[in-house]
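**Q** This is the structure I have questions about; it appears just below.
Just so it is clear, none of the values below were taken in a lab; they were calculated from the coordinates. Keep in mind that this is a model prediction, so the values were computed, not measured. Reconstructed Cβ throughout: ideal geometry from the backbone, glycine too, with neighbour counts over all protein chains shown.
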Amino acid sequence: MTLTLHEQGAFTWTEWAEALSSELALDPTDDGSRYYEHWVAALERLTNARNLTAPRELEARKDAWKDAHLHTPHGQPVSL
C-alpha cells in the first residue's frame, strides 16, 4: 500500500522516510520487533495528514478487520 500510494504521487519517498523515522523515534526502546507496527502507524499518520482517508473510515475498517480476524477459523484466510 505504501509503495502504491508513493507511485500514485500521494507522497515522495523522502516524505515517507521522514514519517517512518519520526514514528520510530517515538519508541527508542523498541528492539525492532515492532517495526511493522511503526510502519503502519506512520502510514496512517501520513494518509491522515494528506486527507487521503477519513479518520472515522479508517477506524471502522480497522475494527472490521479485527472482527473478521477474531471470527475466522485458524488457518483460513481472513476476509471482510
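**Q** As a test of the formula, what do you get for the chain when each DSSP H run with n ≥ 4 contributes -39,500 (n - 2.57) and the sum is divided by the residue count, at 222 nm and rounded to the nearest 500 deg cm²/dmol? Write out the running numbers ahead of the final one.
**A** Working: 4 runs with 50 residues, N = 80.
Helix-only estimate at 222 nm: -19500 deg cm²/dmol.
**Q** Using Cα atoms only, what is the angle between the long axis of helix 55-70 and the major principal axis of the chain, expressed in degrees (0 to 90) to the nearest 10?
**A** 40
**Q** Can you tell me the 0 to 90 degree angle between the C-alpha axis of helix 13-25 and the longest principal axis of the chain, rounded to 10?
**A** In the chain, helix 13-25 runs at an angle near 70 degrees to the longest axis.
**Q** For the Cα atoms of the chain, what angle does the longest principal axis make with the long axis of helix 35-49, in degrees from 0 to 90, nearest 10?
**A** The angle comes out at about 70 degrees.
**Q** Roughly how many debye, to the nearest 20, is the charge dipole of the chain about its Cα centre, given +1 on each Lys and Arg Cβ, -1 on each Asp and Glu Cβ, and no other charges?
**A** Charge dipole, the chain, about its Cα centre: 280 debye, nearest 20.
**Q** Could you order peptides 55-66, 39-50 by the average number of other Cβ atoms within 10 Å of their residues, highest first?
**A** Numbers: 55-66: 11.1, 39-50: 16.4.
Put in order of decreasing packing, that is 39-50, 55-66.
**Q** Taking Cα centroids, how far is region 1-22 from region 30-73 in Å?
**A** If you average the Cα positions of each part, the centres end up 16 Å apart.
**Q** Quantify how much of the Cα-Cα distance distribution of the chain extends past 20 Å, in percent.
**A** Here the long-distance tail beyond 20 Å is 46 percent of all Cα pairs in the chain.
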